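The values are calculated or read from the model by the stated rules, or taken from the named source; none is laboratory data. Bear in mind the structure is a predicted one, so any value in this text is a computation, not a measurement. Cβ coordinates were reconstructed from backbone atoms using ideal geometry, including for glycine residues, and neighbour counts include every protein chain displayed. To get the accessible areas, we keep the full protein, side chains included, count just its heavy atoms, and leave off ligands, DNA and RNA. Shrake-Rupley method; radii C 1.70, N 1.55, O 1.52, S 1.80 Å.
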Amino acid sequence: MSEIKVRGIVLKASDYKDNDKIIRLYTLEQGKINAVMRGVKKAKAKMKIPAQVFCFSEYVLTGSGDLPVVTGCAVEESFFSLCADPDKFAAAAAVVELVDKAVPAAESNPQIFVLVLKTLNELLKLPSAGGSAYERCRLTLLNFMLKLLGLCGFKVKTEKCGICGGAFYGARAFDISAGGAACKRCAGYNSVPVSALCCGIMAAAGNCDTDRLNTLILDAAGVEEALNICKILAESVFECRLLSMA
């Protein structure tokens, strides 16, 4: 039987048979793949942690079919503590759901892989509860969504009209079909109202490096508006429903 090693992040884990799980990995080498982890539901299973969502490990896969078996692994970062904070967990859940639903199967993209790791690491570093913790989690998720859309070929345009390229004067809308802000003259039927503040926040968040988000101070209501716009756009272009952001 063939054996390969991949570095991957667990996007999803489902019960399989009595003691097994099927995990969906987003890997650096092969993109999104499924694999079986045997016996991991047992109390003393050695590979219980790498069968959990968010875990980043090197996995040894054995088998040549569509469902190889994990026969070994070395955990690099479990991201376990994300599950203990509701705000971090909600943002991380949205990250892995987006990758699961937006990225085609078995299509490697190192830039997206690195983006996912950087985003989970950034969430891990954020303070837990209190103060601006919730706002920082939401900003980190917005940054991820904008960058993922760009890497998938749907870079959000907000500084000028995404249809005619002209400057904005007065009211504007976000045209889902055009994937960006549109002036009042160009906005079509598939558009939603958007504020100038929201457009500015999307430009700032989308152009900022993930590990420098702490340098941004952005209006919380504007971030929420931007997240809602990104959710509508992502659900349209990827033809899915994002349950973690419902």
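For T119, tell me the accessible area in Å² from a 1.4 Å probe, rounded to the nearest 10.
Counting only protein heavy atoms, the figure is 0 Å².
Can you give the angle from 0 to 90° between the axis of helix 220-237 and the longest principal axis of the chain, with both taken from C-alpha atoms, to the nearest 10?
Result, in degrees: 70.
Please give the helix 110-125 orientation as an angle from the longest Cα principal axis of the chain, in degrees from 0 to 90, rounded to the nearest 10.
90
When the accessible area of the chain is split by element with a 1.4 Å probe, what percent falls to carbon and sulfur?
Here it works out to 52 percent.
Tell me the net charge near T27. Cut-off is 12 Å between Cβ atoms, T27 excluded, with +1 for each Lys or Arg and -1 for each Asp or Glu.
+1
Any chance you could list the semi-axes, whole Å, largest first, of the equivalent ellipsoid that the Cα gyration tensor gives for the chain, using √(5λ)?
37, 20, 14
In the range 1-138, if every C-alpha pair distance is counted and binned at 10 Å from zero, what percent goes to each bin?
Bins of 10 Å from zero give 12, 43, 33, 11, 2, 0 percent of pairs.
Evaluate Rg over Rh across the range 77-161, taking Cα atoms for both radii and Kirkwood's formula for Rh.
1.00
Going by amide H atoms built from the backbone, whose H comes under 5 Å of the H on K12, apart from near neighbours?
Residues meeting the criterion, in which the H sits 1.01 Å from N, are R24.
Please work out the ratio of the alpha-carbon Rg of the range 1-59 to 2.2 N^0.38 Å and round it to two decimals.
1.06
Treating the beta-carbon of each Lys and Arg as +1 and of each Asp and Glu as -1, no other charges, what is the dipole magnitude of the range 46-127 about its Cα centre, to the nearest 20 debye?
160
Calculated FRET efficiency, S132 and N34, Cβ-Cβ r, R0 25 Å, to nearest 0.05?
The formula returns an efficiency of 0.05 here.
For the range 4-73, what is the charge dipole size about the Cα centre, in debye to the nearest 20, if Lys and Arg each add +1 at the Cβ and Asp and Glu each add -1 at the Cβ?
260
Dipole of the chain (Lys/Arg Cβ +1, Asp/Glu Cβ -1, origin at the Cα centre): which of A204, L25, L98 lies farthest to the positive side?
Of the listed residues, the answer is L25.
Please give the net charge around F79, taking every other residue with its beta carbon less than 13 angstrom from that of F79, where Lys and Arg add +1 and Asp and Glu add -1.
Result for the neighbourhood of F79: -1.
How high is the relative contact order of the chain, in percent, counting Cα pairs under 8 Å that sit 6 or more residues apart?
14
Where does each of 221-233, 159-171 land if you order them by average Cβ count within 10 Å, highest first?
221-233, 159-171
Of R185, R241, R136, which has the most accessible area and how do the rest follow, probe 1.4 Å?
R185, R241, R136
Whole number please: convex hull volume per residue, Cα atoms of the range 125-168, in Å³.
Dividing the Cα hull volume of the range 125-168 by its residues yields 85 Å³.
A 26 angstrom limit on the alpha carbon distance is what I want to check against. Which of K118/K160; K21/K231; K118/K184; K12/K157; K32/K155; K42/K231 exceed it?
Table pairs above 26 Å Cα-Cα are K118/K160; K21/K231; K118/K184; K12/K157; K42/K231.
Mind pulling the angle between the C-alpha long axis of helix 196-207 and the longest principal axis of the chain? Nearest 10 degrees, somewhere in 0 to 90.
Orientation of helix 196-207: about 40 degrees from the principal axis.
Take the alpha carbon atoms of the range 63-115, find their radius of gyration, then divide it by 2.2 N^0.38 Å using N residues; give the quotient.
Computed over Cα atoms of the range 63-115, the ratio equals 1.42.
Can you work out the accessible area per residue across the range 130-169, with the rest of the protein chains kept in place, probe 1.4 Å, in square angstrom?
Ligands and nucleic acids excluded, the result is 48 Å² per residue.
Semi-axes of the range 85-134's equivalent ellipsoid from the Cα gyration tensor, sqrt of 5 times each eigenvalue, largest first, rounded to whole Å?
25, 12, 6
P(r) for the range 134-246: what percent of alpha-carbon pairs falls in each 10 Å bin, starting at zero?
15, 49, 32, 4
Once label points are set 7 Å from the Cα along Cα→Cβ at both Y169 and A43, what is their separation, rounded to one decimal in nm?
Here the modelled spin labels are 7.5 nm apart.
Suppose R0 equals 35 Å. What FRET efficiency, 1/(1 + (r/R0)^6) with r the Cβ-Cβ distance, do K184 and K101 give to the nearest 0.05?
Computed FRET efficiency for K184 and K101 comes out at 0.60.
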